[in-house]
Amino acid sequence: MTTPRIYRGLDRREHAGWIMGLTPLQALVCIALGAPVLWAISAGRFADAGILLLVCGTIAALVVVPVRGRPAMRWLVHLVLFEVGIITGWSRWQSKAAAGMPVDPNEPDLPGALQRVSFPDGPQFRDVGRVCLIHDTVEGRWGAAARLTHSGVGMLSDEQCERLANRLGTLLLSLGHRDVVDRLSLLVRTVPDDGTEYEVWRGDHEIRDAPALARQANAELDHIIGNVSVRHELFVVVSGSEDKLRKPAAAAGGGVAGRAQALYRVLDGLEDPLKALGARTVQWLDGPGMAEALRTGFNPAARALLAAANERGTRGRGLEKAAAGPTATPVPSARSYTHDGFTTVAYTALMPEAGTVFGSLGPLLAVRSAGERRTLAIHYEVLDARRAQRAVRGNRFRTNVMTDMKRRKGFNASAMEERDARGALVQERAVAAGHSVVRFALAASVTVPSSWNVEDHAARLENDASGRFRLLRLELAQDSAFVAAVLPVGIGLPRQRGGLL
């Protein structure tokens, strides 16, 4: 049995500080805060200098010192905005149907960050029908989502996992060489299996004159097995920016149809790489399919009714887009998000400095209690060759400057700095050899009925990550974190601000 490969170099920050670990903006703020103190000392006003040092030092600490991933000043700003949203009522949301207002069946009625997303239907795509496009009007991105069926990797050997990891890397590398799409999101939802499909099938095939004892034994087995059964929903979302789609879309006729045709050429070539990763089927979502994916994300209990209608063929056109969202979201909490009788706690996962192995995210999806749902989303963005070269060169130059400056001043570089310098050189050589730089972000969540104590289930998720990853609870932004972790819309990776993630 071979030793599984450890993947390192996953903890690169996009904003590595140049000046004692500070960003240029933080350094300028500290210099501006230190100037009054120095002026007071130069003027001999030592009492005033002490007072200024106390005040300016406190402000500098708020700007510089990180607290659970964010500087204290940013925490303060976010808290103020959060409270303003609650006081003004901006954070509350109610669907138009629940408020008695007229709705357009083809127009989604969604809360929060999803209000910037539209879901137009594209033209006919081969023999699979019309694919529902995902248009992020703020970031100017167009994408499409697919539902996959996959047997999972829990029972695979190390060699098979290594082979899948190489194929995933090849898929991401191929995205980097395409001119249309540059982002790919994988979303897994581990949900309780309500047994709807089995109930419908058994109702159609049940023998009416079966012995009563056999019926009783079958019912007991269904009850025992059904309480602990889970099912997995797997989605993939690919998207490209408006800048990259504009020219091929114009050549295809322009408008929504032109952008759809440009995306369809990419979607047609992605099915084989996805099946090479173990996906048995790839079903690109149409309008009703996307509405179901969103609806079951907000309300896991809605899946039973939708699945029964699908099995019996009584759903007609399918779920309308206007019914994709929740009925209402109450006053938000800083540490959780409540939606249609369910409560979700979302986290972002930080990679360990020692590296990780393929399949190590599996414990985050292990359901510990019957009735809870866990999700995991990985958002990838492949940088083009020019951006990748600029990123690795900047990273290598920064590490070399810091190492050389310390050496000239007589200081020894720490082990971590030496490791970063070696890693920066290795990454630059890899990009020069034709590899790509991939930004990524991880989001995980746990969802339970609102009547349950969500903190207990959140603690179990944190325990499952303990020793493997560091989970950061996205407080004051749980509604946006819910979108990134639960819904297959491709939102979850912030805009690049330079460097590596």
Those residues of the range 125-151 which are part of a loop (DSSP other than H, G, I, E, B) and either within 19 Å of the chain's Cα centre (by Cα) or free of Cβ contacts under 8 Å to residues at least 24 places away in the same chain (or both) amount to ASP127, THR137, VAL138, GLU139, GLY140
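Out of the residues in the range 105-117 that are in a loop (DSSP other than H, G, I, E, B) and open to solvent by 40 Å² or more (accessible area, probe 1.4 Å), state the one that is nearest to VAL331 (Cα to Cα).
GLU107
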Flag if GLU320 is over 17 Å from the mean Cα position of the chain (by Cα) and within 30 Å of LEU156 (Cα to Cα):
no
Given the conditions (1) of a type in the set (A, V, I, L, M); (2) farther than 27 Å from PHE298 by Cα; (3) open to solvent by less than 80 Å² (accessible area, probe 1.4 Å), every one holds for ALA97 apart from (2)
If we keep only residues of the range 356-401 that are of a type in the set (Lys, Arg) and outside any loop (DSSP other than H, G, I, E, B), then the residue most open to solvent (accessible area, probe 1.4 Å) is ARG386
Review point. Before we move on, is LEU263 open to solvent by less than 40 Å² (accessible area, probe 1.4 Å) and at pLDDT 90 or above?
Key: yes
Every listed condition ((1) open to solvent by less than 10 Å² (accessible area, probe 1.4 Å); (2) at pLDDT 90 or above) holds for ALA465 save (2)
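Taking ARG470, is it open to solvent by 60 Å² or more (accessible area, probe 1.4 Å) and either more than 30 Å from GLU139 (Cβ to Cβ) or hydroxyl-bearing (Ser, Thr, Tyr) (or both)? Explain how you work it out, then say what you get.
Working: open to solvent by 60 Å² or more (accessible area, probe 1.4 Å): yes; either more than 30 Å from GLU139 (Cβ to Cβ) or hydroxyl-bearing (Ser, Thr, Tyr) (or both): no.
So ARG470 does not fit the description; no.
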A careful count of residues in the range 428-458 that are touching a helix residue (DSSP H, G or I) at 6+ places or on another chain (Cβ under 7 Å) and farther than 20 Å from ILE378 by Cβ gives 3
Query raised in the report: Is there a residue being modelled with pLDDT of 75 or more, on the phi > 0 side of the Ramachandran plot and touching a Leu at 6+ places or on another chain (Cβ under 8 Å) anywhere in the range 351-360?
Result: yes
Just one listed residue, out of LEU171, LEU186, is under 30 Å from ALA324 (Cα atoms) and not in a loop (DSSP other than H, G, I, E, B), and it is LEU186
Expected single match for open to solvent by less than 10 Å² (accessible area, probe 1.4 Å) and either modelled with pLDDT under 95 or at negative phi (or both) among GLY143, GLY129 is GLY143
When the range 21-52 is checked residue by residue, the ones that are open to solvent by 70 Å² or more (accessible area, probe 1.4 Å) and either under 25 Å from VAL65 (Cα atoms) or in a helix (DSSP H, G or I) (or both) are PRO24, LEU25, LEU28, ILE31, LEU38, TRP39, ILE41, SER42, PHE46, ALA47, ILE51
In the range 270-294, anything in contact (Cβ under 8 Å) with a residue 12 or more places away in the chain and in a helix (DSSP H, G or I) is listed as LEU270, PRO273, LEU274, ALA276, GLY287, PRO288, GLY289, MET290, ALA291, GLU292, ALA293, LEU294
Considering residues that are open to solvent by 30 Å² or more (accessible area, probe 1.4 Å) and modelled with pLDDT under 80, the number found within the range 305-350 is 11
Within the range 69-87, of all residues that are open to solvent by 70 Å² or more (accessible area, probe 1.4 Å) and of a type outside the set (A, V, I, L, M, F, W, C), the one nearest to the chain's Cα centre (by Cα) is ARG74
Sole miss for VAL77 among (1) out of contact with any helix residue (DSSP H, G or I) (no Cβ under 8 Å at 6 or more places or on another chain); (2) more than 30 Å from PRO363 (Cα to Cα); (3) modelled with pLDDT of 85 or more is condition (3)
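Take the conditions open to solvent by 50 Å² or more (accessible area, probe 1.4 Å) and modelled with pLDDT under 90 and apply them to ALA214. Does it pass? Please lay out each step first, then the result.
Details: open to solvent by 50 Å² or more (accessible area, probe 1.4 Å): yes; modelled with pLDDT under 90: yes.
So ALA214 passes the test.
So which of VAL448, VAL392, VAL454 ends up being under 30 Å from SER239 (Cβ atoms) and β-branched (Val, Ile, Thr)? Show your work before the answer.
Working: VAL448 fails: under 30 Å from SER239 (Cβ atoms); VAL454 fails: under 30 Å from SER239 (Cβ atoms).
So the residue among VAL448, VAL392, VAL454 that is under 30 Å from SER239 (Cβ atoms) and β-branched (Val, Ile, Thr) is VAL392.
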Q) Has the range 459-471 got any residue that is in a strand (DSSP E or B), closer than 26 Å to VAL382 by Cβ and in contact (Cβ under 8 Å) with a residue 24 or more places away in the chain? A) yes
Query raised in the report: Taking ARG419, is it closer than 26 Å to SER239 by Cβ, without any contact (Cβ under 8 Å) to a residue 40 or more places away in the chain and more than 25 Å from the chain's Cα centre (by Cα)?
Result: no
Going through the range 88-133 in order, the residues found to be out of contact with any Lys or Arg (no Cβ under 8 Å at 6 or more places or on another chain) and among the aliphatic types (A, V, I, L, M) are ALA97, ALA98, ALA99, MET101, LEU110, ALA113, LEU114, VAL117, VAL128, VAL131
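Among the candidates PRO102, PRO66, PRO120, single out the residue that is out of contact with any Pro (no Cβ under 6 Å at 6 or more places or on another chain) and surrounded by 17 or more Cβ atoms within 10 Å (Cβ to Cβ).
Details: PRO102 fails: surrounded by 17 or more Cβ atoms within 10 Å (Cβ to Cβ); PRO66 fails: surrounded by 17 or more Cβ atoms within 10 Å (Cβ to Cβ).
Selected residue: PRO120, the only one of PRO102, PRO66, PRO120 that is out of contact with any Pro (no Cβ under 6 Å at 6 or more places or on another chain) and surrounded by 17 or more Cβ atoms within 10 Å (Cβ to Cβ).
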Filtering the range 170-190 down to residues that are of a type in the set (Gly, Ala, Ser) and either in contact with an Asp or Glu (Cβ under 9 Å, 6 or more places away or on another chain) or open to solvent by 40 Å² or more (accessible area, probe 1.4 Å) (or both) yields GLY176
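The values are calculated or read from the model by the stated rules, or taken from the named source; none is laboratory data. Because the structure is a prediction, the values reported are computed rather than measured. Positions of Cβ are generated from backbone atoms using ideal geometry, with glycine treated the same way; all protein chains shown enter the neighbour counts. Just the protein is used for accessible areas: all its heavy atoms, side chains included, with ligands, DNA and RNA removed. Shrake-Rupley method; radii C 1.70, N 1.55, O 1.52, S 1.80 Å.
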